[in-house]
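The values are calculated or read from the model by the stated rules, or taken from the named source; none is laboratory data. Since the structure is predicted, the reported quantities are computational estimates derived from the model, not experimental observations. Cβ coordinates were reconstructed from backbone atoms using ideal geometry, including for glycine residues, and neighbour counts include every protein chain displayed. The protein model used for the area step is the full one, side chains on, heavy atoms only, and it has no ligands, DNA or RNA in it. Shrake-Rupley method; radii C 1.70, N 1.55, O 1.52, S 1.80 Å.
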Amino acid sequence: MSALIQTDRLHLRLIDPDHDAADMLALLNEPGFIRNIADRGVRTLAQARDYTAERVLGSYTLNGFGMYAIIRRSDGAWLGNAGLVKRPELPGPDIGYALKAQYEGQGYAFEAARGVQHYARDRLGYPELYGIVAPHNARSAALLQKLGMEPRGRLRLPPPVDEEVLVFATPGALALG
């Protein structure tokens, strides 16, 4: 599968429900993913395939973007995902990222998110991006600020998430509401 986004150490490619189901299953059940993003209730390989087909491929079709597999170039390891999410509550795409625990703290999330940011601006024509994080997730908030995003307040996500999140945006992005 060819890369959409290349960085020094990574390439990001479309996620394939069959090829990537086991890695998606592992990622969606990481304690950090459940704590900081959400519990998607995906517990089997079949559920991971269905989730990926519906949510990820559905976003590619509907929005022209979505989440992409993060692959380490040196050895082909599947590290996590990063990409763009369209949320009705935000005026523009939301940049998202998640790594398997063993790859955290090595700069991969920032490198992948920076690659997505450039791709969104230069290839897709979205100079204004948003990012949301759980209020307790200081590492993720710091990463968004390192990307040049600014705090923009709080937002309550609708059910099934039904959680208040911190909102960040690139300078010049439209205000919420």
Q.
Of all residues being open to solvent by 50 Å² or more (accessible area, probe 1.4 Å) and among the hydrophobic types (A, V, I, L, M, F, W, C) in region 1-19, which is farthest from I70 (Cα to Cα)? Just the residue, please.
A. M1
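Across region 119-155, what is the number of residues that are open to solvent by 40 Å² or more (accessible area, probe 1.4 Å) and either within 17 Å of K86 (Cα to Cα) or part of a strand (DSSP E or B) (or both)? Show your work before the answer.
Let us first name the residues in region 119-155 that are open to solvent by 40 Å² or more (accessible area, probe 1.4 Å), namely 121-128, 135-136, 138-139, 142, 145-146, 150-152, 154.
Filter once more, so that each one left must be either within 17 Å of K86 (Cα to Cα) or part of a strand (DSSP E or B) (or both): 121, 123-128, 150-152, 154.
Qualifying residue count, region 119-155: 11.
Looking at A69, A38, A82, A21, can you tell me which residue is over 15 Å from the mean Cα position of the chain (by Cα) and among the small types (G, A, S)? Walk me through it before giving the result.
Values: A69 fails: over 15 Å from the mean Cα position of the chain (by Cα); A38 fails: over 15 Å from the mean Cα position of the chain (by Cα); A82 fails: over 15 Å from the mean Cα position of the chain (by Cα).
Residue meeting the stated conditions: A21.
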Q. Out of the residues in region 56-71 that are touching a residue at least 60 places away in the same chain (Cβ under 8 Å) and in contact with a Leu (Cβ under 6 Å, 6 or more places away or on another chain), which is nearest to D8 (Cα to Cα)?
A. I70
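Yes or no, residue by residue, for (1) among the aliphatic types (A, V, I, L, M); (2) closer than 21 Å to R55 by Cα:
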| site | (1), (2) |
| --- | --- |
| S74 | no, no |
| V85 | yes, yes |
| E89 | no, yes |
| I95 | yes, yes |
| A98 | yes, yes |
| Y108 | no, no |
| H118 | no, no |
| D122 | no, no |
| G125 | no, no |
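Within 23 Å of R156 (Cα to Cα), surrounded by 15 or more Cβ atoms within 10 Å (Cβ to Cβ), out of contact with any Cys (no Cβ under 9 Å at 6 or more places or on another chain) and not hydroxyl-bearing (S, T, Y), is that true of N36?
Criteria met by N36.
Output the residues belonging to region 156-177 that are exposed (fewer than 14 other Cβ atoms within 10 Å of the Cβ) and assigned to a strand (DSSP E or B).
Our first condition is that a residue be exposed (fewer than 14 other Cβ atoms within 10 Å of the Cβ); within region 156-177, this holds for 156, 158-162, 164, 171-172, 174-175, 177.
R156, E164 - these are the residues of region 156-177 that are exposed (fewer than 14 other Cβ atoms within 10 Å of the Cβ) and assigned to a strand (DSSP E or B).
Of a type in the set (S, T, N, Q), within 24 Å of R73 (Cα to Cα) and out of contact with any strand residue (DSSP E or B) (no Cβ under 9 Å at 6 or more places or on another chain): which single residue out of T44, T7 fits that description?
On the way: T44 fails: within 24 Å of R73 (Cα to Cα).
Matching residue, one of T44, T7: T7.
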Q. Can you pull out the residues in region 1-22 that are farther than 21 Å from Q106 by Cβ and either in contact with a Pro (Cβ under 7 Å, 6 or more places away or on another chain) or in a strand (DSSP E or B) (or both)?
A. L4, L14
Q) Is at least one residue of region 85-94 aliphatic (A, V, I, L, M) and within 23 Å of M24 (Cβ to Cβ)? A) yes
